[in-house]
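Asker: Got a structure for you, written out below as structure tokens; questions coming shortly.
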Amino acid sequence: MPVSIAARNRQPICRSIQETKQAFLRGHSTVVEHVRTVLAAIRETDAELNAFVAVADDRALRAAQAADRLIAGLGDAAFRDRPLLGVTVSVKDLIQTQDLPTRRGSLLPNRRPAVDAPAVARLRAAGAIVVGKTATSEYGWSASTVSRVAPPTRNPWARNKSAGGSSGGSAAAVSAGLCTASLGTDGAGSIRIPAAFCGVVGFKPSFARIPYVPPCSERLAHAGPLARSVADVATLMSVLGGPDPGDPDSVTAAPAVTREPVSLRIGWMEFPRTSDEIRRVTEAALPVLAAQGHRVDRIDVPFADPYPALVDILAATEASGTTPEDEQRCDEGRAAIVRYGRSLSGAAVMRAEDTRIALRTQLGAVMDRYDLLAMATVPVEPFDADTIGPAWAANPDDLLWLAWSPATYPFNITGQPALSLPVGVTSGGLPAGLQLVGRVGADELVLRAAARLEADLGLAMDPPGHETKGE
């Protein structure tokens, strides 16, 4: 029987993609009515959450009017080439949009052209309605949404807790029902961490499966969707995936591998500092996976922590694009990392690249033995909203600003597909996520296995409908 994780006192504003379509076709709502309701909810609710940094308003309503005309004239046929017709989406503030400002979470000027990134253009072409831009840390440097341009995004499950980051605004907006889906980015866990903290599904596809324009020189960043169900994420991937000449890596991305999720070999790992509560919640999935016919082996983490190499690659990249004159307008934490990056030698950066190659080789051998890897997405529960991490990692001068999420960043280094699926809540009432990881190109297997697990768990991951501000 399905288990309701938290009682909902009201109907969700934004439903699944399929439910939204049926509501329009059956005349339960027009697209304009739906979008007006969403925009009103953002204005009413987001003063507490701080998920949005810009809202579309009239532009979204004009798109809704066009969608209503299509549905009135074509009926179900209107959705044939527009599977997201009338679906409300948000876009992370790191991603360029033509009609909404892109500040990248920073006081520094954004000199990139005000055009839709390919992924945004694909969402619009599929009929989606962009209702706003969602909060991020400056340039996505930390796995939080603490920045100098807006208050930190708060977790819909507990307002005193972080929504995670750096796609924290996206995860909070989806979790709170302020849009059906969101487009985020993930350079070291920035989709999966907030998905785990906010109780939604977050997917980092294989590297370059979704074009990332302009490309990032560190070749760690992935674009990917967040939604309330695996089915919606899969629908979004059918729209977002595919090459674009603006991202050369997308043209040469690994070919897709298709397989049904039956009798899989799954390697179950536990990373250091996993709390008892996170372990309890995530290990509840073990008997479900076994009942599905999978062979699940508990294995040690099969590689050394690549965090030092990650720090050097990220710091060198941040330093390369930031002048000393920029520092006074930078987030203080990011500025500390920039200064460290300037101290690195070329030889140090190349040693970090050697670590990247070695990790790809090591995990390639592991994926010869296992179809999927499974683990807690994040080993800790959400921390305070005003901080960038747990207390032991909250001072960026210590260069530990991402060290608390050791299960996410390795798979940016290797480019493997990784999905965070909500699997329950802790005794403190906060969500926990389980991460499924496949070999490069096996995105479809990850999605299908996650959908099957989601269905058998039968959870309704809704934030409490009552007051959740915390103490």
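Asker: Residue under question is residue 37, and the condition is that it be surrounded by fewer than 17 Cβ atoms within 10 Å (Cβ to Cβ) and β-branched (Val, Ile, Thr); does it hold?
Answerer: Details: surrounded by fewer than 17 Cβ atoms within 10 Å (Cβ to Cβ): yes; β-branched (Val, Ile, Thr): yes.
Taking the combined requirement at face value, the residue satisfies it.
Asker: Can you give me the number of residues within the stretch 439-460 that are assigned to a loop (DSSP other than H, G, I, E, B) and surrounded by 19 or more Cβ atoms within 10 Å (Cβ to Cβ)?
Answerer: 4
Asker: Return the pairs, sorted by first residue and then second, in which the second residue is hydroxyl-bearing (Ser, Thr, Tyr) and in a helix (DSSP H, G or I), the first residue lies in the stretch 293-322 and is at pLDDT 95 or above, the beta carbons are less than 8 Å apart, and the residues are 6+ apart or on different chains.
Answerer: From residues that are at pLDDT 95 or above, the pairs are 306/355; 308/355; 309/355; 311/340; 315/340; 318/139; 319/340.
Per-residue answers, yes or no, for (1) assigned to a loop (DSSP other than H, G, I, E, B); (2) closer than 30 Å to residue 332 by Cα:
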| residue | (1), (2) |
| --- | --- |
| 41 | no, no |
| 53 | no, yes |
| 60 | no, no |
| 75 | no, no |
| 106 | yes, yes |
| 116 | yes, yes |
| 123 | no, no |
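Asker: Could you say whether any residue in the stretch 292-302 is at negative phi, in a helix (DSSP H, G or I) and open to solvent by 40 Å² or more (accessible area, probe 1.4 Å)? I'd like the intermediate steps shown before the answer.
Answerer: Just the residues of the stretch 292-302 that are at negative phi, to begin with: 292, 294-302.
Subsequent filtering for residues that are in a helix (DSSP H, G or I) retains none.
Within the stretch 292-302, not a single residue is at negative phi, in a helix (DSSP H, G or I) and open to solvent by 40 Å² or more (accessible area, probe 1.4 Å).
Asker: Next question, about the same structure. Test residue 167 against the criterion of being in contact with a strand residue (DSSP E or B) (Cβ under 7 Å, 6 or more places away or on another chain), of a type outside the set (A, V, I, L, M, F, W, C) and closer than 23 Å to residue 321 by Cα, and give yes or no.
Answerer: Yes, satisfied.
Asker: Does the stretch 155-162 contain at least one residue that is open to solvent by less than 20 Å² (accessible area, probe 1.4 Å), touching a helix residue (DSSP H, G or I) at 6+ places or on another chain (Cβ under 9 Å) and farther than 20 Å from residue 227 by Cβ?
Answerer: Yes, the conditions are met somewhere in the stretch 155-162.
Asker: Any residue that is assigned to a strand (DSSP E or B), of a type in the set (S, T, N, Q) and under 17 Å from residue 200 (Cα atoms) - is there at least one of those in the stretch 370-393?
Answerer: Looking for residues that are assigned to a strand (DSSP E or B), of a type in the set (S, T, N, Q) and under 17 Å from residue 200 (Cα atoms), one finds none in the stretch 370-393, hence no.
Asker: Return yes when residue 77 is in contact (Cβ under 8 Å) with a residue 60 or more places away in the chain and open to solvent by less than 40 Å² (accessible area, probe 1.4 Å) and no when it is not.
Answerer: no
Asker: Of all the helices (runs of 4 or more DSSP H) wholly in the stretch 177-283, which have at least 3 residues that are open to solvent by less than 50 Å² (accessible area, probe 1.4 Å) and modelled with pLDDT of 95 or more?
Answerer: It comes to 192-198, 230-240, 276-283.
Asker: Which one of 70, 123, 85 is surrounded by fewer than 21 Cβ atoms within 10 Å (Cβ to Cβ) and of a type outside the set (S, T, N, Q)?
Answerer: After applying the criteria, what remains is 70.
Asker: Check 389, 428 and return the single one that is out of contact with any strand residue (DSSP E or B) (no Cβ under 6 Å at 6 or more places or on another chain), of a type outside the set (D, E, K, R) and surrounded by fewer than 21 Cβ atoms within 10 Å (Cβ to Cβ).
Answerer: 428 is the lone residue from the list that is out of contact with any strand residue (DSSP E or B) (no Cβ under 6 Å at 6 or more places or on another chain), of a type outside the set (D, E, K, R) and surrounded by fewer than 21 Cβ atoms within 10 Å (Cβ to Cβ).
Asker: Mind listing just one residue for me: the one in the stretch 102-120 that is in contact (Cβ under 8 Å) with a residue 24 or more places away in the chain and of a type in the set (Lys, Arg) and, of those, surrounded by the fewest Cβ atoms within 10 Å (Cβ to Cβ)?
Answerer: 112
Asker: Follow-up. Might you let me know whether the stretch 429-440 holds any residue that is farther than 26 Å from residue 148 by Cα, in contact (Cβ under 8 Å) with a residue 60 or more places away in the chain and among the basic types (Lys, Arg)?
Answerer: yes
Asker: Taking the stretch 401-422, which residues are open to solvent by less than 10 Å² (accessible area, probe 1.4 Å) and assigned to a strand (DSSP E or B)?
Answerer: Within the stretch 401-422, 418, 419, 420, 421 meet the criteria.
Asker: Quick one: in the stretch 303-325, which of the residues that are among the hydroxyl-bearing types (Ser, Thr, Tyr) and part of a loop (DSSP other than H, G, I, E, B) is surrounded by the most Cβ atoms within 10 Å (Cβ to Cβ)?
Answerer: 322
Asker: What's the number of the only condition in (1) farther than 24 Å from residue 261 by Cα; (2) surrounded by fewer than 16 Cβ atoms within 10 Å (Cβ to Cβ); (3) small (Gly, Ala, Ser) that residue 364 fails to meet?
Answerer: The one condition residue 364 does not meet is (1).
Asker: A follow-up question, please. Inside the stretch 391-439, can you point out the residues that are over 18 Å from the mean Cα position of the chain (by Cα) and under 21 Å from residue 261 (Cα atoms)?
Answerer: 439
Asker: When the stretch 172-223 is examined, which residues are found to be touching a residue at least 60 places away in the same chain (Cβ under 8 Å) and of a type in the set (S, T, N, Q)?
Answerer: 175, 180, 182, 185, 206, 217
Asker: Further, regarding this structure: Can you tell me which condition residue 333 does not meet? The list is (1) within 24 Å of the chain's Cα centre (by Cα); (2) part of a strand (DSSP E or B); (3) not acidic (Asp, Glu), and all the others hold.
Answerer: (2)
Asker: Within the stretch 94-101, identify whether any single residue is in contact with a Leu (Cβ under 9 Å, 6 or more places away or on another chain) and open to solvent by 30 Å² or more (accessible area, probe 1.4 Å), and answer yes or no. It would help to see each step written out before you state the result.
Answerer: To start, the set of residues in the stretch 94-101 that are in contact with a Leu (Cβ under 9 Å, 6 or more places away or on another chain) comprises 95.
Now narrow it down to the ones that are open to solvent by 30 Å² or more (accessible area, probe 1.4 Å): none.
So far as the stretch 94-101 goes, no, none of its residues is in contact with a Leu (Cβ under 9 Å, 6 or more places away or on another chain) and open to solvent by 30 Å² or more (accessible area, probe 1.4 Å).
Asker: Using the structure shown, decide if residue 125 is in contact with a helix residue (DSSP H, G or I) (Cβ under 9 Å, 6 or more places away or on another chain), closer than 23 Å to residue 63 by Cα and modelled with pLDDT of 95 or more.
Answerer: Answer is yes for this residue.
Asker: So residue 459 clears everything in (1) in contact with a strand residue (DSSP E or B) (Cβ under 7 Å, 6 or more places away or on another chain); (2) closer than 26 Å to residue 220 by Cα; (3) at pLDDT below 95 except one condition, right? Which one?
Answerer: With (1) in contact with a strand residue (DSSP E or B) (Cβ under 7 Å, 6 or more places away or on another chain); (2) closer than 26 Å to residue 220 by Cα; (3) at pLDDT below 95 applied to residue 459, the lone miss is (2).
The values are calculated or read from the model by the stated rules, or taken from the named source; none is laboratory data. The structure presented is a predicted model; accordingly, all values stated were derived computationally and were not measured. As a convention, Cβ positions derive from the backbone with ideal geometry for all residues, glycine included, and neighbour counts pool all protein chains shown. The protein model used for the area step is the full one, side chains on, heavy atoms only, and it has no ligands, DNA or RNA in it. Shrake-Rupley method; radii C 1.70, N 1.55, O 1.52, S 1.80 Å.
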